[in-house]
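Worksheet: the structure to be examined is printed underneath.
The values are calculated or read from the model by the stated rules, or taken from the named source; none is laboratory data. Computed from a predicted structure; not experimentally measured. Cβ: placed from backbone, ideal geometry, glycine included. Neighbour counts: every protein chain shown.
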Amino acid sequence: MAKLGIIGAGHVGEIVAYTRALRGGFTHITLHDIDDKRLDGVVSDLEDAQGFYPHNTRFIAGTIEDVATSDMIVVCAGRIPEDGQRRNEYTGNYADVKDYIPKVMAAGFKGIFVVVTNPCDAIAYRVWELSSLDSTRVIGSGTALDSERSRTILAREFNVSPNNVHSMMLGEHGDSQFLPYSQVTVNDIPLKRYLEEHDIPLDRAELEKSVVYRGHRAFFGKGSTQYGIANTVNTILDAVLYDEKKILQVSALHNGEYGVEDVYVSTPCVIGKNGIEEIVELDLTDEERKKYTDSAEMIRSYLV
Ligand SMILES: NC(=O)c1ccc[n+]([C@@H]2O[C@H](COP(=O)([O-])OP(=O)(O)OC[C@H]3O[C@@H](n4cnc5c(N)ncnc54)[C@H](O)[C@@H]3O)[C@@H](O)[C@H]2O)c1
């Protein structure tokens, strides 16, 4: 009888709830938003599809204290500034989490947070700090979404299934993230060999850029992004719910990995019932390692 809480019933929160109900696994989904009218509308609309979900799911328009009774909470409340600048977004969103995370904790929350609110690495750090939970129980969605994007874009480039591409984005969920080409395989062979054997030219920098700016493209095109992130969040929720021990590129508090300390940044992590159960430090090239530490410093710069 697992229960899910969602803080923020905007574009992301609504579709996280919908895709969750389609997957099942949570008997209760409690949504909370400061906009009561929107919250009521979202919950009513989700309820209207009740007969089409594979399992009964009870939707609740709740207070922040109601959300705290959940086993897992997705943090996706936010104010996105019109200029789309992450630094400005941080200021407003940090002020909000400073208000509601202590309330969630005071109401007895003992579960696991998945932090989506941007800039999600810095906000995950603040949620961890404000909650006093073990850092393993605060997961930033990080570059899990960007990693999916990299697989999709590389697969399209090579006309193979995304499942045949092993690829990821590391670092900040933001402009300083990077694609570690040393880790990429296509059809289970290293990228370099694949390109040679298929005589394919690849503009690595251009392709990486198209992944990094994919979110901007969607956001400035339609004013929101939600399908990719909602399904990514649900993959993280599944990994915890079913104790999958699954590798996902999520944002985790570093304690010396890659020489990085005291900052949330994305690298592959093993996700299971206890949250972030292992942080994997990859064998990166020197150049990639430098990009990683630079990206971590970029995240740190939000926090000061
Ligand atoms: N990490 C990722 O990969 C990723 C992807 C997409 C969006 N996001 C982020 O997720 C957040 C939400 O995006 P969105 O498109 O749903 O935005 P949105 O504007 O559609 O919805 C945000 C919702 O949060 C609510 N809200 C604001 N302050 C609140 C508070 N203090 N308590 C409760 N509710 C509050 C608003 O009323 C609104 O309904 C943003 O920070 C966005 O940048 C992250």
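For the range 21-45, a residue qualifies if it is out of contact with any strand residue (DSSP E or B) (no Cβ under 6 Å at 6 or more places or on another chain) and either surrounded by 19 or more Cβ atoms within 10 Å (Cβ to Cβ) or part of a helix (DSSP H, G or I) (or both), and the qualifying residues are Ala21, Leu22, Arg23, Asp33, Asp36, Lys37, Arg38, Gly41, Val42, Ser44, Asp45.
Buried (at least 19 other Cβ atoms within 10 Å of the Cβ) and touching a Leu at 6+ places or on another chain (Cβ under 8 Å): does that describe Phe59? It would help to see each step written out before you state the result.
On the way: buried (at least 19 other Cβ atoms within 10 Å of the Cβ): yes; touching a Leu at 6+ places or on another chain (Cβ under 8 Å): yes.
It is true that Phe59 is buried (at least 19 other Cβ atoms within 10 Å of the Cβ) and touching a Leu at 6+ places or on another chain (Cβ under 8 Å).
Residues that are over 22 Å from Asp286 (Cα atoms), among the β-branched types (Val, Ile, Thr) and outside the structural domain of Lys246 (by TED's automatic domain parsing): does the range 118-134 have at least one?
First pass over the range 118-134, keeping only residues over 22 Å from Asp286 (Cα atoms): 118-134.
This time we only want the ones that are among the β-branched types (Val, Ile, Thr), so: 123, 127.
Filter again for outside the structural domain of Lys246 (by TED's automatic domain parsing), leaving 123, 127.
Yes; the residues of the range 118-134 include at least one that is over 22 Å from Asp286 (Cα atoms), among the β-branched types (Val, Ile, Thr) and outside the structural domain of Lys246 (by TED's automatic domain parsing).
Listed residues Asp238, Asp286; which is more than 13 Å from Glu172 (Cα to Cα) and surrounded by fewer than 13 Cβ atoms within 10 Å (Cβ to Cβ)? Spell out the reasoning first.
On the way: Asp238 fails: surrounded by fewer than 13 Cβ atoms within 10 Å (Cβ to Cβ).
Of Asp238, Asp286, the one residue that is more than 13 Å from Glu172 (Cα to Cα) and surrounded by fewer than 13 Cβ atoms within 10 Å (Cβ to Cβ) is Asp286.
Looking across the range 170-210, the residues that are surrounded by 12 or more Cβ atoms within 10 Å (Cβ to Cβ) and acidic (Asp, Glu) come down to Glu172, Asp175, Glu208. Would you say Thr19 is among the hydroxyl-bearing types (Ser, Thr, Tyr) and more than 18 Å from the chain's Cα centre (by Cα)? So Thr19 fails the test. Looking at the range 55-124, the strands (runs of 3 or more DSSP E) lying wholly inside it that each contain 1 or more residues that are under 16 Å from the mean Cα position of the chain (by Cα) and aliphatic (A, V, I, L, M) sit at 72-75, 112-115. Being within 10 Å of the ligand (Cβ to nearest atom), buried (at least 24 other Cβ atoms within 10 Å of the Cβ) and either without any contact (Cβ under 8 Å) to a residue 40 or more places away in the chain or over 19 Å from Phe220 (Cβ atoms) (or both) is a property that does not hold for Val104.
Look at (1) more than 10 Å from the ligand (Cβ to nearest atom); (2) in contact with a Cys (Cβ under 6 Å, 6 or more places away or on another chain) and you find that Leu4 fails only one, number (2). Residues that are within 24 Å of Thr225 (Cα to Cα) and of a type in the set (Asp, Glu) occur at least once in the range 71-87.
Given the residues Ala252, Ala230, Ala239, which is the only one that is within 16 Å of the chain's Cα centre (by Cα) and either assigned by TED's automatic domain parsing to the domain that holds Val114 or more than 16 Å from the ligand (Cβ to nearest atom) (or both)?
Details: Ala252 fails: either assigned by TED's automatic domain parsing to the domain that holds Val114 or more than 16 Å from the ligand (Cβ to nearest atom) (or both); Ala230 fails: either assigned by TED's automatic domain parsing to the domain that holds Val114 or more than 16 Å from the ligand (Cβ to nearest atom) (or both).
That would be Ala239, the only listed residue that is within 16 Å of the chain's Cα centre (by Cα) and either assigned by TED's automatic domain parsing to the domain that holds Val114 or more than 16 Å from the ligand (Cβ to nearest atom) (or both).
Kindly indicate whether Ser224 is within 11 Å of the ligand (Cβ to nearest atom) and modelled with pLDDT under 95. Yes, satisfied. Among the candidates Asp99, Asp146, the residue that is more than 23 Å from Leu39 (Cβ to Cβ) and not hydrophobic (A, V, I, L, M, F, W, C) is uniquely Asp146.
Being away from the ligand (no atom under 11 Å from the Cβ) and part of a helix (DSSP H, G or I) narrows it down to one of Glu148, Glu196, so name that one. Give the derivation first.
Details: Glu148 fails: away from the ligand (no atom under 11 Å from the Cβ).
After ruling out the rest, the residue left standing is Glu196.
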